[in-house]
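S.K.: One structure, as structure tokens, below. Some questions next.
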Amino acid sequence: MSVLLDFLEFIEVSRPQPLAELLSRVLLKSRQLTGAEAGTIFVLRGSRSRRRLEAADAQNDLVSLQSIPIVIPLNETSIAGYVAVTGETVFIDDLYAIPGEKPFSFDPSFDRRLGYCSRSMLAFPLLNHDRKVIGVVQLINRRDGEGKGPLPFKADQADLILPFNHIVGSAVERAQMLERIEAQNIRLKRRNVQLQSQREKIALLKDQTEEAFQLSISLLARAAEIHDDNTARHVKRVNEYSWFMATLLDLPRAFCDEIRYSAQLHDVGKMSVNVAILRKKGSLDEEERREMQRHPIYGYQILSASDRLKMAAEIALNHHERWDGGGYPHGRKGAEIPVAARIVSLADIYDALRSPRPYKDGYSHERARDILLEGDERMDPKGLLDPQIRGLFVEQHQGFAEIWDRVGS
Ligand SMILES: [Fe+2]
Ligand SMILES: [Fe+2]
């Protein structure tokens, strides 16, 4: 009856629980069933040549144990090693009188250190479902019901435990596996935290690089327009009109984002034009005009060096081309002119109309709109601009007025 209860208790032991706790319970239960005064439970650890037995728990009713890690190499020279290697159950009546023909011997140094005297021993293997050894239980000094002893262990004491060996072994194996999975989980979590913080650092670096890039090109754009009585707001507004027009044309998101910073660089080439020509008050002579009209090419040369400024380079090169082919520097017409340049062309003209110049006040939005719609004595918008872009401007002109007001003059 009591054996059955113990069996049921061991089954209960086999539910998942921390390995160290389970091993302590197995050792304690083994000692209770056999009357052992002391004992040690070992588990097999390490792989291949580094296989070894490590004490998971040691118990002794008489002396207090120091927590010295006990590690035994996996060979037959020690009792636990012998049990682990052979899978045999070993009974020893007197540890200090082991017959010489046995391959193992008893190491008395623990006794000496603890001031204890080991006498009898029962050592048996813990087996898993495949009958492979996964650990060793060593029980020491049996006492009988009245506490007399130490007495030798007998086969019938071992019989109380061994029938449940594989249940215990499986529980131990499962707990070991759970522990390995948990350790793996902890490592993975730590790794994830590291990766996350690296990703954040990279993102921050990217943001900072992007900010530096945006700042550099806006300064470049501003520097290029400095001789034109244009303000920093002019380049900002041209960016915004261009972005707005690109969205009206339903161009891809990446295109809209790119034109929003590329548009401002349309006149970068002016930095290569002689300042005397740029600042000249009266009209330019033929040679000066030709030099001035080279600024699209200069701009293209400056900007085409950078991959991220490919669109800006196209805009710089083509923003003075006309829809009818009468523009410069190449006299391209219609769809030969990149769409980004056609957009910026309208944006730049609208902004120029609205901006005050030494020789004129800035025009109202309505007047600028009418000029882009009908033309005036100086401008023929039909020959100048892409009809689709001009049509969208006429439809959505209020959006341009809003940008002018929002960015400010
Ligand atoms: Fe220009
Ligand atoms: Fe401009």
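The values are calculated or read from the model by the stated rules, or taken from the named source; none is laboratory data. Keep in mind it's a predicted model, so treat the numbers as computed, not measured. Note: ideal-geometry Cβ built from the backbone for every residue, glycine included; neighbour counts use all protein chains shown.
S.K.: Tell me, please, whether a residue that is surrounded by 10 or more Cβ atoms within 10 Å (Cβ to Cβ), more than 30 Å from VAL133 (Cα to Cα), in contact (Cβ under 8 Å) with a residue 40 or more places away in the chain and within 16 Å of ligand 1 (Cβ to nearest atom) can be found in the stretch 211-221.
M.R.: Yes.
S.K.: Test ASP250 against the stated conditions and say whether it is at pLDDT below 90, within 24 Å of ILE389 (Cβ to Cβ) and of a type in the set (D, E, K, R). Lay out the reasoning, then the answer.
M.R.: Numbers: at pLDDT below 90: no; within 24 Å of ILE389 (Cβ to Cβ): yes; of a type in the set (D, E, K, R): yes.
Here the answer is no, as ASP250 does not meet what is asked.
S.K.: Give the residues of the stretch 247-274 that are within 16 Å of ligand 1 (Cβ to nearest atom) and either surrounded by fewer than 16 Cβ atoms within 10 Å (Cβ to Cβ) or not β-branched (Val, Ile, Thr) (or both), sorted by residue number.
M.R.: If the condition is that a residue be within 16 Å of ligand 1 (Cβ to nearest atom) and either surrounded by fewer than 16 Cβ atoms within 10 Å (Cβ to Cβ) or not β-branched (Val, Ile, Thr) (or both), then SER262, ALA263, GLN264, LEU265, HIS266, ASP267, GLY269, LYS270, MET271, SER272, ASN274 are the ones that fit.
S.K.: If I filter the stretch 302-311 down to residues being buried (at least 16 other Cβ atoms within 10 Å of the Cβ) and without any contact (Cβ under 8 Å) to a residue 40 or more places away in the chain, which single residue comes out as farthest from the chain's Cα centre (by Cα)? Even if it seems obvious, please write down each step before you answer.
M.R.: The first filter runs over the stretch 302-311 and keeps only residues buried (at least 16 other Cβ atoms within 10 Å of the Cβ), leaving 302-303, 309, 311.
This time we only want the ones that are without any contact (Cβ under 8 Å) to a residue 40 or more places away in the chain, so: 302-303.
Values: ILE302: 38, LEU303: 35 Å.
Result: ILE302.
S.K.: Sort out which residues of the stretch 269-317 are under 19 Å from VAL344 (Cβ atoms) and acidic (Asp, Glu), and write them in order of number.
M.R.: GLU314
S.K.: Among the candidates ILE226, ILE259, ILE277, single out the residue that is modelled with pLDDT of 95 or more and not small (Gly, Ala, Ser).
M.R.: Numbers: ILE226 fails: modelled with pLDDT of 95 or more; ILE277 fails: modelled with pLDDT of 95 or more.
Of the residues listed, the single one that is modelled with pLDDT of 95 or more and not small (Gly, Ala, Ser) is ILE259.
S.K.: Being in contact with a strand residue (DSSP E or B) (Cβ under 8 Å, 6 or more places away or on another chain) and in a helix (DSSP H, G or I) is true for just one of ILE186, ILE181, ILE217, ILE161. Which residue is that?
M.R.: On the way: ILE186 fails: in contact with a strand residue (DSSP E or B) (Cβ under 8 Å, 6 or more places away or on another chain); ILE181 fails: in contact with a strand residue (DSSP E or B) (Cβ under 8 Å, 6 or more places away or on another chain); ILE217 fails: in contact with a strand residue (DSSP E or B) (Cβ under 8 Å, 6 or more places away or on another chain).
Checking each option against the conditions leaves just ILE161.
S.K.: How about the stretch 260-286: which of its residues are assigned to a helix (DSSP H, G or I), within 15 Å of ligand 2 (Cβ to nearest atom) and of a type outside the set (Ser, Thr, Tyr)?
M.R.: Those that are assigned to a helix (DSSP H, G or I), within 15 Å of ligand 2 (Cβ to nearest atom) and of a type outside the set (Ser, Thr, Tyr): ALA263, GLN264, LEU265, VAL268, GLY269, LYS270, MET271, LEU278.
S.K.: Looking only at helices (runs of 4 or more DSSP H) that lie completely in the stretch 324-391, which have at least 3 residues being closer than 22 Å to ASP229 by Cβ and within 16 Å of ligand 2 (Cβ to nearest atom)?
M.R.: Ranges flagged: 339-354.
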